[in-house]
Amino acid sequence: MTTTSATAHEAATDAPLHPLLANRWSPRGFDVSHVLSEEEVRTLLEAARWAPSSANSQPWRFVLGLRGSAAHERLVKHLFPGNQLWAPSASLLFLAAAQTLDAEGNRLTHAWYDTGQAVADLSIQATAMGLAVHQMGGFDAAGVAAEFGLPETIEPVTMVAIGRFDPDAALPEHLWQRERAPRERRPVSELLLQN
């Protein structure tokens, strides 16, 4: 099996992938002058809206914070310190959360999985639009839930930064080293539980 060659931040894959998948990556260097338009935000949310979900439950919920807004500042303060070094420069920060119970109080067992699919679809749409997306687990889930008054039935899943990649962004050297490092993944053979 031949490995496809990678250019810039394109993945060096063991099988041909669509360029939207091969070019998707998670930078930390964002253009602080870039502004997302309302139409662009609407398009990103529409991509998430049409993601598949168990029994069409659509359990994903979002808190949006465009850079410069009060919501953005409220989200930033719940990021772990390492993410606070770079994420505030993104054009948009948002919290993706999962509604875990249906209207009758039954547990939506695939709510987190479905929310992940919605964010994945949004990420691919963003890549198609020339935008960069970085998802983060490094945030205070309880703190952000309290900050925005989320009920117990809506659980924070991930924080997401979206914007335009800036190769000249002001980042600490240790983060620039990570930006320049080759992209790596486990081989498929390690992902299979049986052969």
Zone of GLU152's modelled label, taken as backbone nitrogen in segment 93-111 under 20 Å from a point 7 Å along Cα→Cβ: 97-111
Amide H contacts of PHE139 (H built 1.01 Å from N, under 5 Å, at least 5 apart or other chain): PHE80
Cβ-Cβ FRET estimate between SER33 and HIS174, R0 fixed at 30 Å, reported to 0.05: 0.80
Whole-Hz couplings from phi, Karplus 6.51/-1.76/1.60, listed for segment 51-62; x for Gly and Pro: 5, x, 8, 4, 6, 6, 6, 6, x, 6, 9, 10
Pair MET129, ALA103: separation of 7 Å Cα→Cβ label points (nm): 3.0 nm
Residue list for segment 18-35, given a label point 7 angstrom along the Cα-to-Cβ vector of MET136 and an amide N cut-off under 15 Å: 26-32
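Going by average Cβ neighbours within 10 Å, how do the peptides 84-92, 44-52, 151-159 rank, with the highest at the top? Show your work: numbers first, answer last.
Numbers: 84-92: 21.7, 44-52: 16.2, 151-159: 18.1.
Packing order, densest peptide first, comes out as 84-92, 151-159, 44-52.
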Most fluctuating residue given options LEU36, LEU93, LEU75, as computed from a GNM of the chain linking Cα atoms under 10 Å: LEU36
Per-residue [θ]222 nm for the chain (sum of -39500 (n - 2.57) over DSSP H runs n ≥ 4, rounded to 500): -9000 deg cm²/dmol
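Read-outs throughout are calculated quantities, based only on the coordinates presented, and are distinct from any laboratory measurement. Because the structure is a prediction, the values reported are computed rather than measured. Heads up, the Cβs are rebuilt from the backbone with ideal geometry, glycines too, and the neighbour counts pull from every protein chain shown.
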